[in-house]
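A.B. asks: Attaching a single structure in C-alpha coordinates format; questions to follow.
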Amino acid sequence: MAISYRNKKDLVDLFNTFSLKHFEKAPWDLKENQSLTGGRLQIIDTTLYDKDFHFQLINELISKDNSMYDLMFLTPNITKGINHADKLSNILNEWDIKAYNNTLKENITEFPIDEHRILNYHSCRGLEAWILVCWNLDIIIQNIKNSFYSQGGDAKEVSFHLNNWLLIIFTRAIDTLILTFENKESEEAKLIISIAQSKAFKHMTVL
(Lines give C-alpha, C1' and ligand atoms only; values in the text may rest on other atoms or scores of the structure.)
Protein backbone atom coordinates (compact mmCIF):
# COMPACT_ATOMS: atom_id res chain seq x y z
CA MET A 1 0.00 0.00 0.00
CA ALA A 2 1.53 3.32 -1.10
CA ILE A 3 1.40 6.29 1.23
CA SER A 4 0.06 9.40 -0.47
CA TYR A 5 2.43 12.17 0.54
CA ARG A 6 0.87 14.66 -1.87
CA ASN A 7 -2.89 14.53 -1.38
CA LYS A 8 -4.84 15.67 1.65
CA LYS A 9 -6.60 13.00 3.68
CA ASP A 10 -10.19 13.56 2.48
CA LEU A 11 -9.07 13.40 -1.14
CA VAL A 12 -7.29 10.11 -0.48
CA ASP A 13 -10.49 8.70 1.06
CA LEU A 14 -12.42 9.84 -2.02
CA PHE A 15 -9.89 8.33 -4.43
CA ASN A 16 -9.90 4.96 -2.65
CA THR A 17 -13.70 4.83 -2.57
CA PHE A 18 -13.91 5.78 -6.24
CA SER A 19 -11.44 3.11 -7.33
CA LEU A 20 -13.01 0.41 -5.15
CA LYS A 21 -16.40 1.04 -6.74
CA HIS A 22 -15.29 1.29 -10.36
CA PHE A 23 -12.04 -0.71 -10.43
CA GLU A 24 -12.62 -3.28 -7.69
CA LYS A 25 -10.20 -5.80 -9.23
CA ALA A 26 -7.35 -3.28 -8.99
CA PRO A 27 -8.22 -0.66 -6.36
CA TRP A 28 -5.77 2.15 -5.80
CA ASP A 29 -5.51 1.45 -2.06
CA LEU A 30 -3.65 4.63 -1.20
CA LYS A 31 -2.61 4.99 2.43
CA GLU A 32 -3.46 8.30 4.03
CA ASN A 33 -0.83 10.68 5.31
CA GLN A 34 -2.55 11.55 8.58
CA SER A 35 -0.71 14.87 8.87
CA LEU A 36 -2.34 16.18 5.66
CA THR A 37 -5.89 16.75 6.88
CA GLY A 38 -8.65 18.25 4.75
CA GLY A 39 -9.21 18.28 1.01
CA ARG A 40 -11.98 19.54 -1.24
CA LEU A 41 -13.86 18.46 -4.36
CA GLN A 42 -15.94 20.68 -6.63
CA ILE A 43 -17.88 19.52 -9.69
CA ILE A 44 -19.16 22.07 -12.18
CA ASP A 45 -20.48 22.39 -15.72
CA THR A 46 -17.69 23.72 -17.92
CA THR A 47 -20.00 26.46 -19.19
CA LEU A 48 -20.51 27.67 -15.59
CA TYR A 49 -16.79 28.06 -14.98
CA ASP A 50 -16.83 31.85 -15.24
CA LYS A 51 -14.63 34.78 -14.30
CA ASP A 52 -16.11 35.20 -10.82
CA PHE A 53 -15.60 31.54 -10.04
CA HIS A 54 -12.01 31.64 -11.23
CA PHE A 55 -11.15 34.72 -9.20
CA GLN A 56 -12.49 32.98 -6.11
CA LEU A 57 -9.92 30.27 -6.77
CA ILE A 58 -7.17 32.86 -7.14
CA ASN A 59 -8.18 34.40 -3.82
CA GLU A 60 -7.95 30.97 -2.21
CA LEU A 61 -4.48 30.50 -3.66
CA ILE A 62 -3.29 33.83 -2.30
CA SER A 63 -4.84 33.23 1.12
CA LYS A 64 -2.76 30.04 1.43
CA ASP A 65 0.46 31.77 0.33
CA ASN A 66 0.44 30.09 -3.07
CA SER A 67 1.29 31.56 -6.46
CA MET A 68 -0.53 31.44 -9.79
CA TYR A 69 1.66 28.43 -10.63
CA ASP A 70 -0.14 26.44 -7.95
CA LEU A 71 -3.34 26.27 -9.99
CA MET A 72 -2.98 23.77 -12.82
CA PHE A 73 -5.38 22.81 -15.61
CA LEU A 74 -5.38 19.39 -17.26
CA THR A 75 -7.15 19.33 -20.62
CA PRO A 76 -8.20 16.64 -23.12
CA ASN A 77 -6.24 16.00 -26.27
CA ILE A 78 -7.54 17.63 -29.45
CA THR A 79 -10.98 16.10 -30.04
CA LYS A 80 -12.69 16.20 -33.44
CA GLY A 81 -10.67 19.28 -34.34
CA ILE A 82 -11.39 21.02 -31.03
CA ASN A 83 -8.27 22.18 -29.21
CA HIS A 84 -9.50 22.31 -25.62
CA ALA A 85 -6.30 23.83 -24.26
CA ASP A 86 -6.34 26.69 -26.76
CA LYS A 87 -10.00 27.39 -26.03
CA LEU A 88 -9.23 27.50 -22.33
CA SER A 89 -6.24 29.80 -22.93
CA ASN A 90 -8.46 32.18 -24.88
CA ILE A 91 -11.00 32.28 -22.06
CA LEU A 92 -8.32 33.09 -19.48
CA ASN A 93 -6.82 35.73 -21.76
CA GLU A 94 -10.20 37.42 -21.98
CA TRP A 95 -10.16 37.61 -18.18
CA ASP A 96 -6.59 39.02 -18.20
CA ILE A 97 -5.31 35.88 -16.52
CA LYS A 98 -1.81 34.68 -17.39
CA ALA A 99 -1.58 30.98 -18.20
CA TYR A 100 1.32 29.02 -19.63
CA ASN A 101 -0.13 26.71 -22.27
CA ASN A 102 2.34 23.89 -22.64
CA THR A 103 0.14 21.19 -24.08
CA LEU A 104 2.46 20.28 -26.95
CA LYS A 105 5.35 19.11 -24.77
CA GLU A 106 5.80 16.41 -22.15
CA ASN A 107 7.92 16.04 -19.02
CA ILE A 108 8.10 19.77 -18.42
CA THR A 109 9.36 20.74 -14.97
CA GLU A 110 9.87 24.51 -15.26
CA PHE A 111 6.96 26.93 -15.58
CA PRO A 112 6.56 30.67 -14.89
CA ILE A 113 5.73 31.15 -11.21
CA ASP A 114 3.24 33.95 -11.97
CA GLU A 115 1.13 31.97 -14.47
CA HIS A 116 -1.28 29.06 -14.25
CA ARG A 117 -0.19 25.86 -15.94
CA ILE A 118 -2.20 24.30 -18.79
CA LEU A 119 -1.23 20.79 -19.87
CA ASN A 120 -2.78 17.86 -21.65
CA TYR A 121 -3.61 15.16 -19.12
CA HIS A 122 -0.94 12.81 -20.50
CA SER A 123 1.80 15.30 -19.55
CA CYS A 124 0.97 15.54 -15.85
CA ARG A 125 3.14 12.77 -14.40
CA GLY A 126 5.35 14.00 -11.59
CA LEU A 127 3.52 17.33 -11.25
CA GLU A 128 1.30 18.58 -8.45
CA ALA A 129 -0.95 21.57 -7.78
CA TRP A 130 -2.65 23.07 -4.75
CA ILE A 131 -5.74 23.45 -6.94
CA LEU A 132 -6.13 21.06 -9.86
CA VAL A 133 -8.77 21.71 -12.52
CA CYS A 134 -9.58 18.75 -14.77
CA TRP A 135 -11.12 20.56 -17.72
CA ASN A 136 -13.86 18.59 -19.50
CA LEU A 137 -13.09 15.41 -17.59
CA ASP A 138 -15.83 13.56 -19.47
CA ILE A 139 -13.98 14.28 -22.72
CA ILE A 140 -10.69 13.15 -21.17
CA ILE A 141 -12.30 9.83 -20.19
CA GLN A 142 -13.91 9.39 -23.61
CA ASN A 143 -10.56 10.05 -25.30
CA ILE A 144 -8.79 7.49 -23.10
CA LYS A 145 -11.42 4.87 -23.90
CA ASN A 146 -11.45 5.63 -27.63
CA SER A 147 -7.67 5.56 -27.83
CA PHE A 148 -7.37 2.03 -26.48
CA TYR A 149 -10.48 0.70 -28.24
CA SER A 150 -9.05 1.98 -31.53
CA GLN A 151 -5.89 -0.02 -30.83
CA GLY A 152 -7.95 -3.21 -30.59
CA GLY A 153 -8.22 -3.28 -26.81
CA ASP A 154 -11.10 -5.12 -25.19
CA ALA A 155 -13.23 -3.85 -22.30
CA LYS A 156 -10.87 -5.34 -19.71
CA GLU A 157 -7.81 -3.66 -21.21
CA VAL A 158 -9.61 -0.33 -21.58
CA SER A 159 -10.69 -0.47 -17.93
CA PHE A 160 -7.09 -1.18 -16.91
CA HIS A 161 -5.74 1.85 -18.78
CA LEU A 162 -8.57 4.11 -17.59
CA ASN A 163 -7.86 3.01 -14.02
CA ASN A 164 -4.17 3.90 -14.36
CA TRP A 165 -4.80 7.24 -16.03
CA LEU A 166 -7.42 8.43 -13.54
CA LEU A 167 -5.08 7.51 -10.68
CA ILE A 168 -2.35 9.64 -12.25
CA ILE A 169 -4.71 12.52 -13.03
CA PHE A 170 -6.61 12.77 -9.74
CA THR A 171 -3.57 12.43 -7.49
CA ARG A 172 -1.97 15.58 -8.89
CA ALA A 173 -4.26 17.56 -6.54
CA ILE A 174 -2.90 18.54 -3.13
CA ASP A 175 -5.81 20.45 -1.56
CA THR A 176 -8.59 21.00 -4.10
CA LEU A 177 -9.79 18.93 -7.05
CA ILE A 178 -12.14 20.68 -9.47
CA LEU A 179 -13.80 18.62 -12.17
CA THR A 180 -15.55 20.35 -15.04
CA PHE A 181 -17.82 18.40 -17.34
CA GLU A 182 -19.06 19.28 -20.78
CA ASN A 183 -22.11 17.16 -19.88
CA LYS A 184 -22.83 16.55 -16.20
CA GLU A 185 -25.50 14.03 -17.25
CA SER A 186 -22.96 11.86 -19.07
CA GLU A 187 -21.97 8.41 -17.84
CA GLU A 188 -18.46 9.76 -17.30
CA ALA A 189 -19.77 12.42 -14.93
CA LYS A 190 -21.95 9.95 -13.09
CA LEU A 191 -18.84 7.85 -12.36
CA ILE A 192 -17.83 10.27 -9.64
CA ILE A 193 -20.94 12.35 -8.89
CA SER A 194 -22.69 9.37 -7.31
CA ILE A 195 -19.81 9.00 -4.86
CA ALA A 196 -19.44 12.73 -4.28
CA GLN A 197 -23.12 12.90 -3.28
CA SER A 198 -22.77 10.18 -0.67
CA LYS A 199 -22.87 10.99 3.03
CA ALA A 200 -19.20 10.22 3.50
CA PHE A 201 -18.09 13.04 1.18
CA LYS A 202 -20.78 15.70 1.46
CA HIS A 203 -18.59 17.70 3.86
CA MET A 204 -15.90 18.19 1.22
CA THR A 205 -17.96 18.41 -1.99
CA VAL A 206 -19.62 21.25 -3.84
CA LEU A 207 -21.87 20.28 -6.75
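A.B. asks: Can you find a residue in segment 166-185 that is over 22 Å from K87 (Cβ atoms), in contact with a helix residue (DSSP H, G or I) (Cβ under 6 Å, 6 or more places away or on another chain) and at pLDDT below 90?
C.D. replies: no
A.B. asks: Look through N101, N143, N120, N93 and report the one residue that is out of contact with any His (no Cβ under 8 Å at 6 or more places or on another chain), exposed (fewer than 13 other Cβ atoms within 10 Å of the Cβ) and more than 21 Å from N16 (Cα to Cα).
C.D. replies: N93
A.B. asks: Let me ask something else. Considering only residues that are of a type in the set (G, A, S) and either over 20 Å from D114 (Cα atoms) or buried (at least 17 other Cβ atoms within 10 Å of the Cβ) (or both), which ones fall in segment 36-67? Steps first, answer last, please.
C.D. replies: Going through segment 36-67, the residues of a type in the set (G, A, S) turn out to be 38-39, 63, 67.
Passing the criteria: G38, G39.
A.B. asks: Also, I was wondering about something else. Within segment 176-199, count every residue that is among the basic types (K, R), in a helix (DSSP H, G or I) and surrounded by 13 or more Cβ atoms within 10 Å (Cβ to Cβ).
C.D. replies: Total meeting the criteria: 1.
A.B. asks: I'm trying to understand the selection: among the residues of segment 69-103, which are over 8 Å from I118 (Cα atoms) and touching a Leu at 6+ places or on another chain (Cβ under 7 Å)?
C.D. replies: Selection gives D70, L71.
A.B. asks: Filter segment 1-27 down to residues that are outside any loop (DSSP other than H, G, I, E, B) and modelled with pLDDT under 75 and give me whichever is surrounded by the most Cβ atoms within 10 Å (Cβ to Cβ).
C.D. replies: H22
A.B. asks: Say we look at segment 150-175 and pick out the residues that are in contact (Cβ under 8 Å) with a residue 40 or more places away in the chain and either polar (S, T, N, Q) or in a strand (DSSP E or B) (or both); which of these is farthest from H54 (Cα to Cα)?
C.D. replies: Per the criteria, the residue is S159.
A.B. asks: I'm checking my understanding of the structure. Among residues of segment 89-107 that are polar (S, T, N, Q) and modelled with pLDDT of 95 or more, which one is nearest to the chain's Cα centre (by Cα)?
C.D. replies: S89
A.B. asks: In segment 115-126, is there at least one residue being modelled with pLDDT of 95 or more, farther than 29 Å from E185 by Cα and assigned to a loop (DSSP other than H, G, I, E, B)?
C.D. replies: Yes - at least one qualifying residue is present in segment 115-126.
A.B. asks: Right, L74: under 26 Å from L11 (Cα atoms), assigned to a helix (DSSP H, G or I) and among the aliphatic types (A, V, I, L, M) or not? Let's see the steps before the verdict.
C.D. replies: Details: under 26 Å from L11 (Cα atoms): yes; assigned to a helix (DSSP H, G or I): no; among the aliphatic types (A, V, I, L, M): yes.
It is false that L74 is under 26 Å from L11 (Cα atoms), assigned to a helix (DSSP H, G or I) and among the aliphatic types (A, V, I, L, M).
The values are calculated or read from the model by the stated rules, or taken from the named source; none is laboratory data. Because the structure is predicted, anything quoted here is derived from the model rather than measured. Here Cβ is always computed from backbone atoms with ideal geometry, including for glycine, and neighbour counts include all displayed protein chains.
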